[in-house]
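The values are calculated or read from the model by the stated rules, or taken from the named source; none is laboratory data. Everything numeric here is computed off the predicted structure, so don't read it as measured data. Cβ atoms come from the backbone with ideal geometry, glycine included; neighbour counts cover every protein chain shown. Just the protein is used for accessible areas: all its heavy atoms, side chains included, with ligands, DNA and RNA removed. Shrake-Rupley method; radii C 1.70, N 1.55, O 1.52, S 1.80 Å.
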Amino acid sequence: MTKQGFKVLDSDMHILEPADLWQRYIDKKFKHLAPIGTTDHVRDLRLVGPDGRAWGRPADPPAGTLPPPGHIFHKNQKLFHTHNERGWTAQVQLDAMEEEGIDLAILYPSRGLNVLSIPDLNREFAAALARAYNDWLYEFCQGDPGKLVGAAMISPFNIDDAIAETQRCVEQLGFSAIFLRANIVNGHNWHDPYYEPLWSALEDLGVPLGFHEANNSAARQVGENFGYDFMLRHTYSHPVEQMLAVGSFCGGGVLDRHPKLRVAFLEGNCGWLPFLMWRLDEHWELYGDQWAPQLKNPPSYYFKRQCYASVECDEEPVKYAIDYLGNERLVFSTDFPHVDTKYPKAVERFLELPITDEDKRKILWDNCATYYGVVGM
């Protein structure tokens, strides 16, 4: 399949997990603790705990205190009504890919983005939550393993658990990446020595790391500055949390110490990259001898060598990122079926962007394939 002559690899396509996933798949000794999804409307992505309280996100506001849903909510209720009625199955996913013109999709969670975003979650329970999700996702991908590929959930609450689950998902389940939320939940920043064994394990396995944020968290997150204002919270939470993670990896020395590690910063846009790379480099020149004496090159060097950022289908500032970084560090995402997706016209809209066909070819397939290690297609 090609779309106007372009092969398409979706670097960040979402599934919508069944509400009872963790009740059905988690180790039975944790079943009484596991969260469950709510289904109050089409595309309801929320989780609640056994006590009915919000899980992995701030407590719900008092009834009647938020403005009524706007046009995008009603549009998506209609757009995804049939997908919801069909149960968001693997066939639903494949049909959506066919409609969009997507050849291969790497799958990331929806409800699962919040399942581990609780500070100081019990280590063993957190590992069980991740394992349950991955077991379900493996079965989901069997709908067509040639087109549906999983990105594994790992727990940041214990490095040994994270490494063991990474190895299982790559070696036994055939997943092509692991993912983490960008916001910190355990008090350890990404360039902390705590994570070094994990980064080394990813290098050894040759598997990439994808950072993916969500619009809220039960842990500290930049979006909380705006309370329940979804417009402002969503504006800042995704890109700013990713920017902070870029700082750790490129300026905090992670990529200097791990030259084979591939890292993507997904669903946070890319237009901010020229500014951030320039500012990180400037501060390395000013203060690096004191605060980063181990950093042998400017931070932008490491991004250009090892990192990727995703492009929204209508993100016109991508042209500035290409001018500054070149066209090899960017990957494409539809964000199906989340709130700001342009499905079923995301690929068509991307092809209208004011960049060259060579840029489009790189972003739609070549860079994604390099990042995820896709061969033979």
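Details
- Test result for K260, over 20 Å from the mean Cα position of the chain (by Cα), modelled with pLDDT of 95 or more, open to solvent by 10 Å² or more (accessible area, probe 1.4 Å) and closer than 23 Å to A177 by Cα: yes
- Selection of region 330-362 for residues being of a type outside the set (S, T, Y), open to solvent by less than 10 Å² (accessible area, probe 1.4 Å) and under 17 Å from the mean Cα position of the chain (by Cα) yields L330, V331, F332, D335, F336, P337.
- First in region 303-320 and touching a residue at least 40 places away in the same chain (Cβ under 8 Å), second anywhere and open to solvent by less than 10 Å² (accessible area, probe 1.4 Å) and of a type in the set (S, T, Y), Cβ under 6 Å, 6 or more apart: Y308/Y371; S310/S11; S310/S333
- Of the residues making up region 57-68, at least one is surrounded by 11 or more Cβ atoms within 10 Å (Cβ to Cβ) and among the acidic types (D, E).
- Scanning region 77-89 for residues being in a loop (DSSP other than H, G, I, E, B) and either in contact with a helix residue (DSSP H, G or I) (Cβ under 7 Å, 6 or more places away or on another chain) or charged (D, E, K, R) (or both) gives a total of 1.
- A count restricted to region 218-257 and to residues that are among the hydrophobic types (A, V, I, L, M, F, W, C), open to solvent by 10 Å² or more (accessible area, probe 1.4 Å) and over 25 Å from D120 (Cα atoms) stands at 3.
- Per-region count, region 11-23, residues part of a strand (DSSP E or B) and either of a type outside the set (D, E) or out of contact with any Asp or Glu (no Cβ under 8 Å at 6 or more places or on another chain) (or both): 3
- Subset of region 66-109 [out of contact with any Leu (no Cβ under 9 Å at 6 or more places or on another chain) and on the phi > 0 side of the Ramachandran plot]: G87, G101
- Yes/no for L121 being open to solvent by 20 Å² or more (accessible area, probe 1.4 Å) and in a loop (DSSP other than H, G, I, E, B): yes
- Among the residues here, S310 qualifies as open to solvent by less than 20 Å² (accessible area, probe 1.4 Å), under 30 Å from V92 (Cβ atoms), among the hydroxyl-bearing types (S, T, Y) and modelled with pLDDT of 95 or more.
- Qualifying residue in region 47-54 (condition: out of contact with any Cys (no Cβ under 9 Å at 6 or more places or on another chain), of a type outside the set (A, V, I, L, M, F, W, C) and buried (at least 17 other Cβ atoms within 10 Å of the Cβ)): no
- The single condition among (1) buried (at least 21 other Cβ atoms within 10 Å of the Cβ); (2) closer than 21 Å to T341 by Cα that L273 does not satisfy is (2).
- Among the residues listed as V42, V92, the single one being open to solvent by less than 50 Å² (accessible area, probe 1.4 Å), under 24 Å from E348 (Cβ atoms), of a type in the set (A, V, I, L, M) and in a helix (DSSP H, G or I): V92
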